[in-house]
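Written out below as structure tokens is the structure these notes cover.
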Amino acid sequence: MSKLKEKLAKKIEEHRPRTTRLVKEYGDVVVGDVKISQVIGGMRGVKCLVTDISYLDPYEGIRFRGYTIPEIMEKLPKPEGAEMPYVEGHLYLLLTGDIPTEEDVMEVVEEFKSRKKVPQYVYDVLRTMPRDTHPMTMFSAAILAMQRESVFAKAYKEGTANKMNYWEFMYEDVMNLLAKLPEIGAYIYRMKYKGDTPIPSNPDLDFGADFAHMMGIDKPYDDVMRMYFILHSDHESGNVSAHTTHLVASALSDAYYSLSAGLNGLAGPLHGLANQEVLRWIQNLMKSMGDRVPTKEELEKYCWDTLNSGHVIPGYGHAVLRKTDPRYTAQREFALKHLPDDPLFKTVSLLYEVVPPILEKHGKAKNPWPNVDAHSGVIQWYYGVREYDFYTVLFGIGRALGVLSNITWDRALGYPIERPKSLTTDMLEEIAGIK
Ligand SMILES: CC(C)(COP(=O)(O)OP(=O)(O)OC[C@H]1O[C@@H](n2cnc3c(N)ncnc32)[C@H](O)[C@@H]1OP(=O)(O)O)[C@@H](O)C(=O)NCCC(=O)NCCS
């Protein structure tokens, strides 16, 4: 058993009595009421999920296992000469709740190396798809195609899996799957956009560096991707990709089925696809200006035109956040250091000044501030990844770290199949006293 798995086993043993006690002794304690507006309105704010892996405060933003983004960037071990931490160390933190030592991280790096070979049939599946298929469809299909590898599904079928050890099989699937994602993502990129010239993985490199290598992009893109994967990893449990992955896994579907489903949700324009939308939206504007940075007035007009035509301003607003997303801020700081004079970055910075007051005046969005997607594409564009259709795949590789950590814990804590109750409109009218 790997040291990470051993540590996780110990953490799970310690945690289980807390969950059991809450259910058995305090199961009837009321957490909150539910209003009709919440029943109809996408369950906004209904407290009905539990996770210890990350928590999203509306004003402070995300904390991973209790640590803010700046704390994560400072405390997690980094490769020699790198600005950003090992992705493997972040996974260790998400799974165990502890900041790993350098030695702990190197063990995860090694564990990934031994699990990262992608089966040939995955490439065959990808190559059979029409080349104009969206890269998210390819990514999700590649993951789903690998379901036959599931150790969890096999153990369940053979009867060796039970409620107490489900998580151990889930862990195997999660690690096998995560180790392969950078190669699958980079393969799709090189096949689809770079004249079908995939670059083989370099076994000596860590998660972020190997991804940069397979994309064919020089330093500091390895750091860009370490930062990117860490920032996108988790955003507590109610967002579409996290919730979907958790929901599907609650039926005891394995990690392959569950992640593929979660990614299909991430592919929506109101969720992960927003980073592609941001770039498309800004590019359209800059093209109409002859590729120059627009003036503040031009930008204001463009924002109002977007709103008045009934569209959202991509990259702004959030269902939970009520301030600038710290994931936006982390990327902005990176850009200020590495690409301060880039015209696209200048436009994005100008948008940061222009959009919030406009959204406030517009009076609809509860949060006028930028979210992570408002910045993600700019840095990718600068380092040469200009095929913005691909950006959600990058988000998906990062998001897998969080959602797969979550479903490992879901099985460890014995969370049951999810099954909320629905009502009819008649019933709601009766509850409202209008029928
Ligand atoms: C993220 C998002 C889906 C959250 O949705 P939400 O929780 O329903 O947000 P709100 O409660 O603030 O929405 C209230 C109203 O403001 C509108 N609104 C929210 N964000 C907006 C934006 N960026 N531009 C224009 N209008 C916006 C909503 O469409 C909604 O309008 P409606 O009443 O006509 O349906 C929404 O802010 C959005 O569409 N943003 C743009 C897409 C994006 O950046 N997504 C990535 C999220 S990480």
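Scanning residues 5 or more positions from L273 or on other chains, those with amide H under 5 Å from its amide H are G268, with H placed 1.01 Å from N in the peptide plane.
Coupling constants for region 107-115 follow from the phi torsions by the Karplus curve (6.51 cos²θ - 1.76 cosθ + 1.60, θ = phi - 60°), and in residue order they are 5, 5, 4, 5, 4, 5, 4, 6, 10 Hz; glycine and proline get x. Each part gets one Cα centre, and for region 124-185 versus region 292-340 those centres are 35 Å apart. The value of relative contact order for the chain, using C-alpha pairs under 8 Å at least six residues apart, is 21 percent. Checking the Cα-Cα distances for K194/K337; K219/K337; K10/K163; K35/K421; K5/K116 against a 20 Å cut-off, the pairs over it are K194/K337.
With a Cα-only, solvent-free Debye model of the chain, what are the log10 I(q)/I(0) values at q = 0.11 Å⁻¹? So the normalised log intensities are -0.88.
Under a 10 Å cutoff between Cα atoms, tell me which one of G262, G45, G402 has the largest fluctuation in the Gaussian network model of the chain. In the Gaussian network model the winner is G45. Note that region 377-389 has calculated 3J(HN,Hα) couplings of x, 4, 5, 4, 4, 4, 8, x, 8, 9, 8, 5, 4 Hz, one per residue in order, obtained from phi through the Karplus relation 6.51 cos²θ - 1.76 cosθ + 1.60 (θ = phi - 60°); glycine and proline are x. Highest mean first, the peptides 66-74, 15-23 sorted by other C-beta atoms within 10 Å per residue fall in the order 66-74, 15-23. Note on D124 and T160: with the Förster distance fixed at 45 Å, the Cβ-Cβ geometry gives a FRET efficiency of about 0.90. Using Cβ point charges alone (K and R +1, D and E -1), the dipole size of the chain about the Cα centre works out to roughly 820 debye.
For region 305-385, the list of GluC sites (Glu not before Pro) that fall in a loop by DSSP and count at most 15 other C-beta atoms within 10 angstrom is empty. Across region 64-80, rounded Karplus estimates of 3J(HN,Hα) from the backbone phi angles (6.51 cos²θ - 1.76 cosθ + 1.60, θ = phi - 60°) give 9, 6, x, 9, 6, 4, x, 5, 4, 5, 7, 8, 6, x, 10, x, 4 Hz, Gly and Pro being marked x.
For region 286-382, the Cβ-based charge dipole about the Cα centre amounts to some 280 debye (Lys, Arg positive; Asp, Glu negative; other atoms uncharged). For the chain, modelled as a GNM whose springs connect Cα atoms under 10 angstrom apart, the maximal fluctuation among R44, R127, R63 occurs at R44.
Along its first, second and third principal axes, ordered by size, region 299-406 spans 38, 37, 24 Å in Cα coordinates. So for region 299-341, taking the charge dipole from beta-carbon charges (+1 Lys/Arg, -1 Asp/Glu), which of F334, A319, Y302 sits furthest toward the positive end? It is A319, whose Cα lies furthest towards the positive end. Computed from point charges on the beta carbon alone (+1 for Lys and Arg, -1 for Asp and Glu), the dipole magnitude for region 154-293 about its Cα centre is near 540 Debye. Among the trypsin sites (Lys or Arg not before Pro) within region 157-196, those in coil by DSSP and having at most 15 neighbouring Cβ atoms inside 10 Å are K163, K194.
Considering only L259, L273, L144, the Gaussian network model of the chain with Cα springs below 10 Å gives its largest mean-square fluctuation to L144. Restriction of the trypsin sites (Lys or Arg not before Pro) in region 255-313 to DSSP coil positions whose beta-carbon has at most 12 other beta-carbons within 10 angstrom yields R292.
Each value in this text was obtained by applying a stated rule to the coordinates, not by laboratory testing. All values reported here derive from a predicted model rather than from experimental measurement. Virtual Cβ from ideal backbone geometry, glycine too; neighbours counted across all protein chains shown.
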